[in-house]
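One structure, as structure tokens, below. Some questions next.
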Amino acid sequence: MNIALWIAQGVLAAMFIMAGIVKSTRPKEKLAEKMPWVNDYSATPVRLIGISELLGGLGLVLPWLTGIAPILTPISAVALGVVMVFAAIYHFNHKEYREIGFNLVLLAIMVFVAYGRF
């Protein structure tokens with residue numbers, strides 16, 4: 001079980017760290033080419049989402065790995081799960097049903113990590 005949790009944490013962390021770096025460093029216009037949802041928001045919320053994803057991705061691995069405040073790992077999983085719920089709601093409201101599946105898969109993995117680490 002521990003190995004499966006580490007694999008899930010590592011995959012999720014890599015995905016969210018990369019996504020967070022992209023959203024927090026690239027200009028909004030550049031992001032809009034592949035992420036049309038950014039056109040619905042100003043640059044500040046997009047950057048905040050990116051920073052949240054970056055910090056959440058780090059939180060999935062570093063606290064448990066270092067043993068410093070390991071409770072932050074499942075809390076990060078729950079917080080990123082909430083982000084995925086809001087992303088799924090956004091996609092549902094915009095009739096982007098294909099993207100909802102990806103959000104739900106990530107949410108399920110987050111629940112697995114949160115449950116396994118609490």
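The values are calculated or read from the model by the stated rules, or taken from the named source; none is laboratory data. Since the structure is predicted, the reported quantities are computational estimates derived from the model, not experimental observations. Virtual Cβ from ideal backbone geometry, glycine too; neighbours counted across all protein chains shown.
Table: residues versus (1) of a type in the set (Lys, Arg); (2) farther than 15 Å from ALA8 by Cα; (3) at pLDDT 95 or above.
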| residue | (1), (2), (3) |
| --- | --- |
| VAL85 | no, yes, yes |
| HIS94 | no, yes, no |
| GLY101 | no, yes, no |
| VAL111 | no, no, yes |
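Only residues that are of a type in the set (Lys, Arg), closer than 23 Å to VAL105 by Cα and either assigned to a helix (DSSP H, G or I) or within 10 Å of the chain's Cα centre (by Cα) (or both): list them for the stretch 20-55, please.
LYS23
Additional query: Answer with yes or no whether LEU65 is under 25 Å from ARG117 (Cβ atoms), more than 16 Å from the chain's Cα centre (by Cα) and not basic (Lys, Arg).
Answer is yes for this residue.
Check the stretch 10-20 and report whether any residue there is in contact with a Lys or Arg (Cβ under 9 Å, 6 or more places away or on another chain) and either surrounded by fewer than 18 Cβ atoms within 10 Å (Cβ to Cβ) or more than 18 Å from HIS91 (Cα to Cα) (or both).
Checking the stretch 10-20: not a single residue is in contact with a Lys or Arg (Cβ under 9 Å, 6 or more places away or on another chain) and either surrounded by fewer than 18 Cβ atoms within 10 Å (Cβ to Cβ) or more than 18 Å from HIS91 (Cα to Cα) (or both).
Yes/no matrix, rows are residues, columns are (1) modelled with pLDDT of 95 or more; (2) of a type in the set (D, E, K, R):
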{"position": "TRP6", "(1), (2)": "yes, no"}
{"position": "GLY10", "(1), (2)": "yes, no"}
{"position": "ILE17", "(1), (2)": "yes, no"}
{"position": "ILE21", "(1), (2)": "yes, no"}
{"position": "LYS28", "(1), (2)": "no, yes"}
{"position": "LYS34", "(1), (2)": "no, yes"}
{"position": "SER42", "(1), (2)": "no, no"}
{"position": "LEU58", "(1), (2)": "yes, no"}
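Of the residues that make up the stretch 75-89, is at least one touching a residue at least 40 places away in the same chain (Cβ under 8 Å) and in a helix (DSSP H, G or I)?
Yes - at least one qualifying residue is present in the stretch 75-89.
Over 29 Å from PHE118 (Cα atoms) and not basic (Lys, Arg): does that describe THR44?
yes
Within the stretch 5-19, identify whether any single residue is under 15 Å from the mean Cα position of the chain (by Cα) and without any contact (Cβ under 8 Å) to a residue 40 or more places away in the chain, and answer yes or no.
yes
The rows are residues; the columns are (1) buried (at least 20 other Cβ atoms within 10 Å of the Cβ); (2) over 30 Å from MET1 (Cβ atoms).
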residue: VAL22; (1), (2): no, yes
residue: LEU54; (1), (2): yes, no
residue: ILE71; (1), (2): no, no
residue: HIS94; (1), (2): no, yes
residue: TYR97; (1), (2): no, yes
residue: PHE102; (1), (2): no, no
residue: ALA114; (1), (2): no, no
